[in-house]
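See structure below.
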Amino acid sequence: AALYGVREWSGGYFDVSEEGDVVLCPKGENDGSRLSLPRVVEGLRKRGISMPVLLRFPELLDQQIHELNSGFNEAIEEYSYGGRYRGVYPVKVNQQEQVIDEVCTYGARYGHGLEAGSKAELIAALAYLKNPGDLLICNGYKDERFIELGLYARRIGIDCVFVIETPIEVNLIIETAKRLGIRPKVGVRVRLSSCGSGHWKDSGGDRSVFGLNAGQLMDCIDRFRESGYLDCVQLLHYHLGSQVPDIRDIRTSLTEACRVYVGLIEEGAPMGTLDIGGGLAIDYEGSQSKSGGSRNYTIQEYCRDVIETVKHQMDLSKVDHPTIVSESGRATVAYYSVLLVDVLDVNRFEPDLDESEVPQDAHYLLRNSLEVGRALNDENLQECYNDAFYYRDEIRQLFQAGALGLRDRSLGEKIFWDNLSKIWKLCSQMDEDEVPEELLGLESFLADIYYGNFSLFQSLPDAWAIDQVFPVVPIERLNEEPSRRAILSDITCDCDGKVDRFVESGRIRRTLAVHEPRDQEKYLLGVFLVGAYQETLGDLHNLLGDTHVVSVRMGKGGDFEVDREIEGDSIADVLSYVEYDPKQVSSRFRASVERAVRSGDIDVDERRSIVKTFEDTLRGYTYFEE
Ligand code: PLP
């Protein structure tokens, strides 16, 4: 457990049992109830559900909504803050129907609302918000239809707020509101000069593509005033970017936002709400640091710092404490989903060199290359590394020039791998800072490849697109010392389809510690914290579709209950996404088979088998099936 840092990144929701299984702790680590993930897999198998599966845990979503709301409510009490907290969940972070349904259900007790950034998200939000006064923040570009619908939402009791992203929206909102005779509630999104760090830092700051700069903000306020709509301006919004690792950036930007808020009150806008956007980070690396995949604060600290900063700034200016809205998406749903992957095969880079294969009269390059490994010691690691590559490249060149045969080339490659593995063996016995930097890359160069039954592009798109690190952990055998190091490849035919950055003891490593898979037993890996952004950003590379999704909760006696089950895409499904008609696909194939019957190549019995195999495959899962 320590090696994989489970306790560090899991937020208390996952742990390792004495039997070495990863367990779910739905109410946090101190609560007794625990659910073994291998037991869930076994239960799914018995139900006929094969890997890969995306497991969802609604209890974790419920708990995170609770953490956020209770964190703010406790801070409000601690600082005697005069306003209240209202969270909204940004639909874009995970738009799946189940997520929105559950956010609305679990959030109802806190008045937790939704944030929509497009017309489709607006429609989903309107269908699922159910209580009078539910908050709906509308960001993004809004056309007339969007605005009409948002205004009507106000008429049916939804507290819908249009956040102005660009100056052109102002007139459209005023005109539409006049035409329908409905007073809008308006927010303004500002670009702050302070910006955070981490991958999404450009979402905030001067060069952000969203929000108004100070000049545009004043123009908008003037326009609302002139048209008699200044009383509708009631919210200030900013968003620093997702995954802000450093709490100091959160405080700095918030201070600036408070100054803008006070300025808007001085301009005569009634205000009342300060929407601090998203950014509340997840500690994917478990390092509790300012590094991009981590955070140097807890949810509770975030809530306290926000409340304390706003109170201080408002008190300085003698302004009423506003309602605080936050749009935390990642922190709400990241823990919620785990991708379970079975390992299909292993490829090892184990040199099997027998030195007697290199005869005395072998080409001098082969003999010299062999000498590299023999001369190796702690002092000449880098030199031997350089020489190993030099001789390998020379041998390849001579082969290409026709001066060496295929057997010599093959021998040359074997000696090369043998040299590298000897070099790495010595390096791995040394302290990391003593190993020459270039040689550290040997770890992944020589690692095993574990082929996992999944598509990186479908299930972990951020690992591919932005090098996001997700914790990957074998879900059983964690009481056994892992004996191998591996990178994880997917089953797409794309060399980018691999995971080669892992969390280990609070830092990033290029390989994952793994166990030797046992015969007749599937080796299972869990990829954790994949609830935010991954599901809908994923694509159909190589036509590998959505995985099965199973939503489970704690049942009685350590067992689990299946809450919902959504079958993954079939091959017919994915073909239809790219505009094939599965019926036509089938009849085209049948026509080809019939041609083979006509020409006498196959008989009708064989025809039946061929067509059946085709039809079964067409209806089957896009992933590897047992
Ligand atoms: N609000 C806005 C306007 C966003 O653009 C985003 C995402 O970047 C969020 C909220 C959600 O941010 P996070 O997932 O970091 O909470």
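Read-outs throughout are calculated quantities, based only on the coordinates presented, and are distinct from any laboratory measurement. This is a predicted model, so every value here is computed, not measured. Every residue, glycine as well, gets a Cβ built from its backbone with ideal geometry; the counts of neighbours run over all protein chains shown.
When you count the other C-beta atoms within 10 angstrom of each residue and take the mean per peptide, 509-515, 53-59, 128-134 line up highest first as 53-59, 509-515, 128-134. Post the alpha-carbon centroid distance, the stretch 311-377 to the stretch 505-580, in whole angstrom. For the stretch 311-377 versus the stretch 505-580, the Cα centre distance is 19 Å. Partner lysines whose Cα lies under 20 Å from the Cα of Lys46, excluding those fewer than 8 positions away in the same chain, are identified as Lys522, Lys556.
Work out the FRET efficiency for Glu256 and Asp101 from their Cβ-Cβ distance, taking R0 = 30 Å, and round it to the nearest 0.05.
On the way: r = 37 Å, r/R0 = 1.22.
Here the calculated transfer efficiency is 0.25.
Here are some pairs, Lys119/Lys583; Lys119/Lys498; Lys119/Lys178; which of them have Cα atoms lying more than 24 Å apart in this structure? From Lys119/Lys583; Lys119/Lys498; Lys119/Lys178, over 24 Å: Lys119/Lys583; Lys119/Lys498. In this structure, the amide hydrogen of Lys185, modeled 1.01 Å from its nitrogen in the peptide plane, lies closer than 5 angstrom to those of Phe162, counting only residues at least 5 positions away or on a different chain. Across the stretch 491-571, Cα pairs under 8 Å and at least six residues apart give a relative contact order of 19 percent. Modelled label positions at Lys130 and Asp581, each set 7 Å beyond Cα in the direction of Cβ, lie 4.0 nm from each other. Just so you know, the Rg over Rh for the stretch 355-442 is 1.02, from Cα atoms, with Rh as the Kirkwood radius.
When each of the peptides 480-492, 429-441, 110-122 is scored by the mean number of other C-beta atoms lying within 10 Å of its residues, the order from highest to lowest reads 110-122, 480-492, 429-441. Helix 144-155: angle to the longest alpha-carbon principal axis of the chain, degrees 0 to 90, nearest 10? With both axes taken from Cα atoms, the answer is about 60 degrees. So what's the net charge close to Pro167: Lys and Arg +1, Asp and Glu -1, counting the other residues with Cβ under 12 Å from its Cβ? That sum, taken over residues with Cβ under 12 Å, equals -2.
Quick one: net charge around Tyr106, please, counting Lys, Arg +1 and Asp, Glu -1 for every other residue with C-beta under 12 Å from its C-beta. Before the final figure, lay out each step's value.
Numbers: positive: Arg109; negative: Glu59, Asp62, Glu67, Asp101, Glu102.
Combined, the nearby Lys, Arg, Asp and Glu give -4.
With both residues required to sit in the stretch 56-337, DSSP beta bridges show an antiparallel share near 5%.
Each peptide in 421-428, 497-504 gets a packing score, the mean of other Cβ atoms within 10 Å over its residues, and the list from highest to lowest is 497-504, 421-428. Normalising by the residue count of the chain, find the relative contact order in percent from Cα pairs under 8 Å and 6+ residues apart. Relative contact order, the chain: 16 percent. Can you give me the Cα centroid spacing of the stretch 235-286 and the stretch 101-165 in angstrom? The stretch 235-286 and the stretch 101-165 have Cα centres spaced 21 Å from each other. All C-alpha pair distances within the stretch 571-619, sorted into 5 Å bins from zero, spread as 5, 22, 27, 20, 13, 9, 4, 0 percent across the bins. Listed by chain and number, the lysines whose C-alpha is less than 24 Å from the C-alpha of Lys290, apart from same-chain residues fewer than 8 away, are Lys201. For the chain, the longest principal axis of the alpha carbon atoms and the long axis of helix 168-180 meet at an angle near 50°. Taking every C-alpha pair closer than 8 Å and separated by at least 6 residues, the mean separation divided by the residue count of the stretch 56-337 gives a relative contact order of 22 percent. Cross-link partners of Lys425 among lysines, defined as those whose alpha carbon lies under 21 angstrom from its own and excluding same-chain residues fewer than eight positions apart: Lys414. Computed over the stretch 246-359, the Cα gyration tensor eigenvalues convert (square root of 5λ each) into semi-axes of 52, 16, 11 Å, ordered from largest to smallest. Note on the chain: antiparallel DSSP beta bridges, both residues inside, total approximately 50 percent of the bridges counted.
Helical content alone sets the calculated 222 nm signal of the chain at -12500 deg cm²/dmol, taking -39,500 (n - 2.57) per DSSP H segment of four or more residues and averaging over every residue. Taking the 0 to 90 degree range and rounding to the nearest ten, how far is the long axis of helix 37-46 tilted relative to the main principal axis of the chain, both from C-alpha atoms? Here the helix axis deviates by roughly 80 degrees. Give the Debye-formula value of log10 I(q)/I(0) at each listed q (0.07, 0.08 Å⁻¹), with one equal scatterer per alpha carbon of the chain, two decimals each. With no solvent term, the Cα-only Debye profile gives -0.57, -0.72. Only Cα sites of the stretch 56-337 enter the Debye sum here, all with the same form factor; the resulting log10 I(q)/I(0) across q = 0.07, 0.15 1/Å is -0.23, -1.14, listed in q order.
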